[in-house]
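All remarks here apply to the structure that follows.
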There are 4 protein chains.
Amino acid sequence: MEALSAANVMDTAYDGDAWSQQLDARFSALFETDVKAHWIATGTAANSLALAALCPPHGAVLCHREAHIQNDECGAPEFYTHGAKLMLVEGAGAKVSAEAVRHALSLIRDDVHQVQPHALSITNATEYGQVYTPAEVAALGALCREKGLGFHMDGARFANAVAHLGCSPADVTWRAGVDVLSFGFVKNGGMSAEALIFFKPELAAATPYRRKRAGHLFSKGRYMAAQILAMLDDDLWLENARAANAGARMLADAAGDRLIHPVEANEVFLRVSPDEAASLRGIGFDFYDWAPGEARLVTSWNQSIADIRPLADAIAAL
Amino acid sequence: MEALSAANVMDTAYDGDAWSQQLDARFSALFETDVKAHWIATGTAANSLALAALCPPHGAVLCHREAHIQNDECGAPEFYTHGAKLMLVEGAGAKVSAEAVRHALSLIRDDVHQVQPHALSITNATEYGQVYTPAEVAALGALCREKGLGFHMDGARFANAVAHLGCSPADVTWRAGVDVLSFGFVKNGGMSAEALIFFKPELAAATPYRRKRAGHLFSKGRYMAAQILAMLDDDLWLENARAANAGARMLADAAGDRLIHPVEANEVFLRVSPDEAASLRGIGFDFYDWAPGEARLVTSWNQSIADIRPLADAIAAL
Amino acid sequence: MEALSAANVMDTAYDGDAWSQQLDARFSALFETDVKAHWIATGTAANSLALAALCPPHGAVLCHREAHIQNDECGAPEFYTHGAKLMLVEGAGAKVSAEAVRHALSLIRDDVHQVQPHALSITNATEYGQVYTPAEVAALGALCREKGLGFHMDGARFANAVAHLGCSPADVTWRAGVDVLSFGFVKNGGMSAEALIFFKPELAAATPYRRKRAGHLFSKGRYMAAQILAMLDDDLWLENARAANAGARMLADAAGDRLIHPVEANEVFLRVSPDEAASLRGIGFDFYDWAPGEARLVTSWNQSIADIRPLADAIAAL
Amino acid sequence: MEALSAANVMDTAYDGDAWSQQLDARFSALFETDVKAHWIATGTAANSLALAALCPPHGAVLCHREAHIQNDECGAPEFYTHGAKLMLVEGAGAKVSAEAVRHALSLIRDDVHQVQPHALSITNATEYGQVYTPAEVAALGALCREKGLGFHMDGARFANAVAHLGCSPADVTWRAGVDVLSFGFVKNGGMSAEALIFFKPELAAATPYRRKRAGHLFSKGRYMAAQILAMLDDDLWLENARAANAGARMLADAAGDRLIHPVEANEVFLRVSPDEAASLRGIGFDFYDWAPGEARLVTSWNQSIADIRPLADAIAAL
């Protein structure tokens, strides 16, 4: 909010302002390589612009069956790529392995009658809060190079992944072969700005046109950039993610063998009966019903350990 | 060829000629209801124009995982629908049941984040030569009405299906709830013309524009219509299909328990070892390697029982 | 900013929050009829979503040759409509008359080879600061009804138009036949939210899906709605526009016969020599070079008469 | 017809047959350079596939205001390019000059808000039967190279143009800077096959996928290729065009100062009163009413001088 108020002045429109002009340099420093960075209002738009840069209309993007781009974006990837197909890969915890991707590729005939693969998209941390390690990403990156595929990482929870790994952001992205990253801030305390990071700047050439054409070039872009810069200052993005992860860790410890997936980021999936779920809600906690007998709890950057302890205690007491 | 030569005269361009102008009436008679019929050069274009009439860009079409529209059209449905998604349904022999479709529908959340279903597309006969009965189609048609879905039948082998069923073409289409049919002729002896049949003429309103816009409105449309009319004369389409089906029947009888799928149309899937396949090829027969140890044999409308007997004998002798 | 800070609380995501849920009612009250209202981040996206609701991919939208949708949106209308054509109409001051639209329509052959018109889009106030009166809009609205066209108003400067006219917002929109309005706030003091208003709610049915699919459904929509509601409170939108218009009026009075277009909103187009332009800039004023010898001055909602008087005096003194 | 009958045999499907496989070599010989050639069923599809190879969805194609791609293809270029814009250039006889194109380019701001030009498309012979000379094409080709634009020639009447010019087909295409040619045969005696010729084979890389995706990859492609090869044999295409041009020449000589455009190909535009038009029709001649008081006569490859003389006499006698 303070950052927004500071940006509440006149400046050059669109992304010509003093805030937006800092993005490339700030993200290049963070990632220890030259990158091209754009603010984008939503993760859906960031992902879709990334895929449009990697895949032609007649191509396919491989992703996990439960990927956000497949299930939760109302066909935005198909819209921005003008009809590319998503080809689905299996894997526990919404993670794909190099073997699983290689298998999926082996099923595609190399002829003009089948849509040919052009890119791979993974989510880190995944929809189930699983974190790809640098080595896992690198195995996928090597496969992408071998097969001539572009490599996109949906990082709606990238901060949580990095906080979990304790590595450099570079290690789990471009050093492991990632070409484009959707770097999420909104789930991590931001208001309405994500960053779309191209590690190969030449891939970004058409992105400014695509962003404008999609109605995503805001005239007062300084408000977008200011949010992001505020998150980068003093590694606020990492601090927020660490807080959220710590909360999830506490819940995981309380949940014991109720856990459905290992807890690596800020999501906790629990086995709870309808009665247990009702009981937790009865004492004031909110969460998603994921599937019959399953609950999804998401901890937030702004919840302290003290905020979360009552829920952990309640879960332990079930 | 004779029909084409007869059309080799001057006439009104596009579909204003004497041949094209007969299509609606001829197909209406065949289907015992008022239909709107268009010639279309390929099954891929016919299917795609059908789906574009049933599904908006932000919608989804359900189809079998092994449907032609999913695997063999290089994304044509996505092109013509401007990015609609195909949602895949399982089922033996590339057939979908009403239960399987209902299950697939149940997995789609009814919210704005997920692509919503707008149509179902089935193939009759299927990619494995299985034929939907009128009752099976009617069960799917009832589900489509219940759920507000359009219903498309890919009839690249529709003639083979009708020849197998011995029913009226109406029984397995509009009387069972089908809205649009791609009626194939090219696999059944035609040169380059399929028919796209709308059983609800109002659904066809934009199809002339879409056909032109796709470059499929031929200036000398009389050659297209003449092919189709020649196939309708004296039920040549049905006679051809019966011939092809009979050939497949003979092969099936010879194959015994080598059969992978029941033989209902003009496709025969056999278990053969590489050596056996080589042996059959060595004596002059051509077929597809479908999967390791599997062969796909397609009989043609212009092959007589005498043509096929040697292959049947060779299979029986393996 | 205060409105944003007030919205800086937890609430239902997307547009399920308490702020977003007020939009329909607030705009229905303002427009004296039931409307469907959506927040949209940019005018480009709002215009494009409006056109996508009115025109199919194979159709055309008529607009002025100098319309923003034609010249300043990088093809966004073509993106959102999946390739509809813009057909250009002439007219002084970027205004189109019913006669000019009728003439443009008369040039379109009614056959399948030409893209057929489906909608008209006008801008009020226009790119040259000209305001359509209710009677002028009604003449266009009647033509649209006669020809079966949808009718869109790009109201990036709608507030300035209403401030100039002194009429009810309803008089110059739905009462005059407008179907959809892009109601701009960003040029009038807002941060990043415009409103897309459907006067026929049934036309809006697919808009939530299109908005999501375009990546324009923000997860923290409350910030969007809060901005708009703050502008509606106590008619702030109208007060801001009146202030901007008054500033332009003062400049117009000072400019005398240097004026290129009548000044009706907050834009002033002046004939100035390069030396005169340099002189004005030398004493601290900023404006656009529009064409050789022409300058475009835009007054802002937050400039007082006292702020603008020095510029008016400088122009008068040229 | 004979060529079609000869192709009425079994062969490899799609474009793997013996006929289709000759196209590259035959057109390379004709054009005296290595080309990549595809059969395409219609001029509309050929033009659109060409433009899709030259222009991204966010780009623009410059063409004449009266170009076929603008007026007569129902938005096919927009469909195949996924929404690129056509930017219109003026010029007498539907011809554009390098100066006119340069002027049109000068009006496009080089910023992200405007659609940027990516290609130029000209028609030779034009919609008014005017023929671009090699020098005129070369001037446009040089401009395209200077500005980084792709260069397409719509050659629906390419044969008539070459017959008029008496030059090598190479001189008026790639030697003059043309990248892609739609080489028409249907208006010149063919049934349903045009050729799409890429003079830079690398530009054709995605065309096989786009053709399939558009439903234009016919399974019995031998019939397509056979038509084209028959037209190339013994320069039948050129002989047909010379015959049609000669007929138009005779009409032009008869018409004297009734001519609206110089007659260079097989189209004759005449000033005739309604009474005169009725009189010509009364004695058995058919033609288009082009505009009030104007008629368009198109001569055909299969009309002899003797066929046309009566019309010429009737025109002279008016």
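The values are calculated or read from the model by the stated rules, or taken from the named source; none is laboratory data. Values in this document were obtained by computation on a predicted structure and should not be read as measured data. Please note: Cβ atoms are built from the backbone with ideal geometry, for glycine as well, and neighbour counts cover all protein chains shown. For accessibility, only protein heavy atoms count, side chains too; no ligands or nucleic acids. Shrake-Rupley method; radii C 1.70, N 1.55, O 1.52, S 1.80 Å.
So for region B:134-206, averaging the separation of alpha carbon pairs under 8 Å that are six or more residues apart and normalising by length, what relative contact order in percent results?
Reported relative contact order: 32 percent.
Buried surface between chains A and C: roughly 2700 Å² of accessible area, summed over both sides, computed with a 1.4 Å probe on protein heavy atoms only.
Here the dipole of chain D is about 640 debye; that uses its Cα centre as origin and unit charges on the Cβ of Lys and Arg (positive) and Asp and Glu (negative). Comparing each chain alone with all protein chains together (probe 1.4 Å, DNA, RNA and ligands left out), the residues of region C:71-106 losing at least 40 Å² of accessible area are C:Asn71, C:Asp72, C:Cys74, C:Glu78, C:Phe79, C:His82, C:Gly83, C:Lys85. Placing a label point 7 Å from the Cα of D:Asn302 along the Cα-to-Cβ direction, the distances to the matching points in the other copies come to 2.4, 7.5, 7.8 nm, shortest first. If you take the square roots of the eigenvalues of the alpha-carbon gyration tensor of region D:92-138 and sort them as a ≥ b ≥ c, do you get rounded (a/c under 1.5), prolate (a/b over b/c) or oblate? In terms of gyration-tensor shape, prolate. Taking 29 Å as the limit for the C-alpha separation, the pairs A:Lys212/C:Lys187; B:Lys36/C:Lys212; A:Lys187/D:Lys85; B:Lys95/B:Lys212 exceed it in the case of B:Lys36/C:Lys212; A:Lys187/D:Lys85; B:Lys95/B:Lys212. For A:Gly282, the point set 7 Å out from Cα toward Cβ sits 7.8, 8.2, 10.0 nm from its twins in the other copies, listed from shortest up.
Can you show me the helix-derived [θ] at 222 nm for chain C, built from DSSP H runs with n ≥ 4 at -39,500 (n - 2.57) apiece and divided by the number of residues, rounded to the nearest 500.
Counting only the DSSP helices, I get -11500 deg cm²/dmol.
Considering only protein heavy atoms, what per residue accessible area in square angstrom results for region B:162-318 with a 1.4 angstrom probe?
Computed with neighbouring chains in place, this is 39 Å² per residue.
Rounded to two decimals, the Cα-based Rg/Rh of chain A, with Kirkwood Rh, is 0.98. Each residue, A:Ala29 and C:Glu32, gets one label point 7 Å from its Cα in the Cβ direction; the gap between the two is 5.7 nm. Taking a ≥ b ≥ c as the square roots of the eigenvalues of the Cα gyration tensor of the protein assembly as shown, is the shape rounded (a/c under 1.5), prolate (a/b larger than b/c) or oblate? Note, shape of the protein assembly as shown comes out oblate.
Summarising the amide proton neighbourhood of A:Thr123: residues at separation of 5 or more, or on other chains, whose placed amide H is nearer than 5 Å comprise A:Asp154.
Look at where the Cα atoms of region C:65-114 and of region B:120-134 average out, and the two centres are 45 Å apart.
Just checking the output field for A:190-203: average partner chain Cβ neighbours within 10 Å of each residue's Cβ? Show your work: numbers first, answer last.
Working: counts 2, 9, 10, 1, 1, 0, 0, 0, 0, 0, 0, 0, 0, 0.
Averaged over the peptide's residues, the number is 2.
Rolling a 1.4 Å probe over the protein heavy atoms of chain D, with every protein chain left in place, gives an accessible area that is 52 percent carbon and sulfur. Residue of chain C with the Cβ closest to the rotation axis carrying C onto D, and that distance rounded to whole Å: C:Gly83, 2. Modelled spin labels at B:Ala142 and D:Asp233, positioned 7 Å past Cα toward Cβ, are 6.0 nm from each other.
Normalised by the empirical 2.2 N^0.38 Å for globular proteins, what value does the Cα Rg of region C:147-273 take?
Output field value: 1.23.
So which residues of region A:45-60 lose at least 10 Å² of accessible area, probe 1.4 Å, when you go from the chain by itself to every protein chain present? With the partner chains in place, region A:45-60 has these residues losing at least 10 Å²: A:Pro57, A:His58.
Could you work out the mean count of beta carbons from other protein chains within 10 Å of each residue's beta carbon in A:215-226?
5
With its label point defined 7 Å out from Cα along the Cα-to-Cβ axis, B:Asp234 lies at 3.6, 9.0, 9.2 nm from the matching points of the other copies, in increasing order.
Membrane-span-like helices of chain D, defined as complete DSSP H segments with a Cα extent of 18 Å or more along the helix axis and a mean Kyte hydropathy of at least -0.5, are identified as D:134-147, D:236-255.
Per residue, the accessible area of region B:12-116 comes to 33 Å², computed with a 1.4 Å probe over protein heavy atoms only.
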